[in-house]
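The values are calculated or read from the model by the stated rules, or taken from the named source; none is laboratory data. On a predicted model such as this, the values are computed, not experimentally measured, just so you know. Here the Cβ is made from the backbone with ideal geometry for all residues, glycine too, and neighbour counts use every protein chain on show. With ligands, DNA and RNA removed, areas are computed over all heavy atoms of the protein, side chains included. Shrake-Rupley method; radii C 1.70, N 1.55, O 1.52, S 1.80 Å.
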Amino acid sequence: MNDNRLTAAYVTVALVALFGGVVTGLLQAIEHAGLIFPPLTPVIQSYYHSLSLHGVLNVLVFTTFFICGFLQFIMARALGIPLASPRLAWFTFWLMAGGLILAAIPLVGNAATVLFTFYPPMKAHWAFYVGLTLVVVGTWLVTLNLTLTYRAWRARNPQTRTPLAAFMSLVTFVMWTIASLGIAAEMLFMLIPWSLGLISGTDALLARVLFWFTGHPIVYFWLLPAYVSWYTLVPRQAGGKLFSDPLARTSFILFLILSIPIGIHHQFTDPGIEEGWKLLHAFLTFAVFFPSLLTFFNVVASLESGARARGGKGWVAWFGKLPWGDPSLAAQVLAMLLFTFGGVGGLINASFNLNLVVHNTAWIPGHLHLTVGTAVTLSFMGITYWLVPYLAGRPLWSRRLGLTQVWLWFGGMIIFSNALHRLGLMGMPRRTMIGASAYLQPEWKAALPLVGIGGTILFVSGMLYFLNLVLTLAASRGPAPAVPEFAEALSGPEHAPAILDRWRPWLALTFVLILIAYGPTLVRLAATTPFNAPGLRVW
Ligand code: HAS
Ligand code: CU
């Protein structure tokens, strides 16, 4: 019960952030469509202020708070015991909420208009950096609590295989905790002392390397909770079984090992990093493609088992027999479909030479809206279609409205992200108030309105989503729905080799790969960096 309140608290913060993210998203999109950046109100002072709010609220706040709420909930259910320390859990929540408020004050007040990547030498108010750091420290405490819970369970169940959902939740947080060391170092040794005036200069390159050490794996910190749902809940929601439990575990272990040592694929065009290391990160990025391919295979086979159990026939026609009337399932299957294209685009980004064509163009926001903006966000929306009614103790206000919302997101995103991808190939830069640029190309003009139209559809979808949830809380009457049960597996945990349930070998491999991929570059930069760049306020 206590755990439910905790999850409700996290999900509430997450959804408030998402609301702000969706509203600012509309402003970004209609600017691209040629409308003058609208309400230059005291609240949102410029295109870049809006873009900073949009990025931070969506990909840092919404994701992190949702994941902390969702996976703590899943962990306790999967193990069948409450969290080891409810007091630690609540302390962590308030620490994160406090950090969020601290960061939000300069962000909203236009003193941290540095976008979600906060690259120096752009310099934000110190409270922005300190606040975000507290949020990250909070996530470490979540890892601690999950670990304690796992050990309490393990002490009572020495021989049993870790339940799949619990295993996956723990892998997600352990991976993230190692990954976040980069951003922690950037904050503690560079940005915080610099913004407080304790050191006078900074260095763009070292900061970026530390940022992407975390900034790449953070995308799997967002994705893996969606995978937890796709593997352990969706097969059951589809009326079937998980195809293979051992394959699912293998995929998560590969994510643990391969998520981190690939961050330099965001820096192929940065000077000051030797080409050989860039190439290694490119190769390892192709390797991390593989666990997603395993996921593709396993999840589609699981969906197929559900559809066939419901009378589905044929090679492809079974797809129509999925329970499409369930907004939770529809959201997640549509999220998967678009993720296929986001994933393929990821391969293009990762290809050392093709990256030169797409880097810093509108292609990249096209890619990230298919991945974090759909695979993750639409899946999380699908999860809330059962989670919020369950926590609120009443049914979803309208399934039909939910379905409308889900399909609008799918359709709106196809228009929106397709236009951005095409604009990127035409050389249109990203992160630019394009309507005000002096170099607006005539050929861009044909696709730019589509960004506005797609973005507006996404906004409408977002508002219908919030309307449905608010009405669920305010006006819905009836019995609460049950939480979906965890799916059984066609090939269950007993088929998994015991080594898949061990931690030490995989953690050792993780650290070794990180040392190889990052060690030389980080040591060289830390030893030679002069820390002499002054801070800039460019907004
Ligand atoms: Fe990415 C840039 C490479 C995945 C997010 N990425 C970004 C940025 C973000 C982001 C936010 O190598 C911009 C950061 C910034 O602001 O600068 N990305 C990849 C690769 C993958 C990938 C190789 N990205 C993600 C995910 C994200 C995300 C996941 C968020 C959640 N990305 C890059 C690179 C850059 C980059 C470069 C830097 C570019 C630059 O120059 O700046 C892979 O992990 C993708 C693997 C995915 C798949 C798809 C599997 C499909 C599944 C669904 C199956 C089920 C179906 C059901 C279809 C292989 C699992 C349907 C049923 C049927 C019957 C079919
Ligand atoms: Cu990346």
Would you work out what percent of the accessible area of the chain, with all protein chains in place, is carbon or sulfur (probe 1.4 Å)? 71 percent
Could you rank H266, H281 by how accessible they are, 1.4 Å probe, largest area first? H266, H281
Under 18 Å from the Cα of K313, which aspartates and glutamates turn up, not counting those fewer than eight places away in the same chain? E304
Binned at 5 Å from 0, what are the whole-percent values of the Cα-Cα distance distribution for region 113-213, short to long? 2, 12, 19, 18, 13, 10, 8, 7, 5, 3, 1, 0
Work out how far the C-alpha atoms of region 364-447 reach from end to end along every principal axis, then list the three figures in whole Å, largest first. 55, 20, 19
For region 2-528, what does the accessible surface come to per residue with a 1.4 Å probe? Please give it in Å². 38 Å²
Cα centroid separation, region 93-157 to region 165-201 (Å): 9 Å
Could you tell me the relative contact order of the chain? Use alpha-carbon pairs under 8 Å, at least six residues apart, and round to a whole percent. 20 percent
Leaving out ligands, DNA and RNA but keeping every protein chain, what accessible area does M433 have, in Å² rounded to the nearest 10, with a 1.4 Å probe? 50 Å²
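Using helices alone, what [θ] at 222 nm do you get for the chain, with -39,500 (n - 2.57) per DSSP H run of 4 or more residues, divided over all residues and rounded to the nearest 500?
Taken over the chain, the calculation gives -22000 deg cm²/dmol.
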Normalised per residue, the volume inside the convex hull of the alpha-carbon atoms of region 148-273 in Å³ amounts to 146 Å³
Restricting the calculation to Cα positions, tell me the Rg (one decimal) and the Dmax (whole number) of the chain in Å. 22.5, 69
At a probe size of 1.4 Å, how large is the accessible area of R5, to the nearest 10 Å²? 150 Å²
Heavy-atom accessible area ranking, 1.4 Å probe, most first, across Y231, Y390, Y220, Y439: Y439, Y390, Y220, Y231
For region 64-121, just the Cα set please: Rg and Dmax, both in angstrom. 15.9, 49
Per the Cα gyration tensor, region 210-288 corresponds to an equivalent ellipsoid with semi-axes, largest first in Å, of 32, 12, 8
Averaging over every viewing direction, what projected area does the convex hull of the Cα atoms of region 397-539 cover, in nm²? 18.3 nm²
Starting from the Kirkwood Rh over alpha-carbon pairs, what translational D in µm² s⁻¹ does region 301-418 have by Stokes-Einstein at 10 °C and 1.306 mPa s? 101 µm²/s
Accessible area (Å², 1.4 Å probe, nearest 10) - K445: 120 Å²
What's the longest bit of the chain with no exposed GluC sites (Glu not before Pro), using DSSP loop states and at most 13 other Cβ atoms within 10 Å as the test? 1-273
Hey, if we sort H359, H125 by accessible area with the 1.4 Å probe, largest down, what's the order? H125, H359
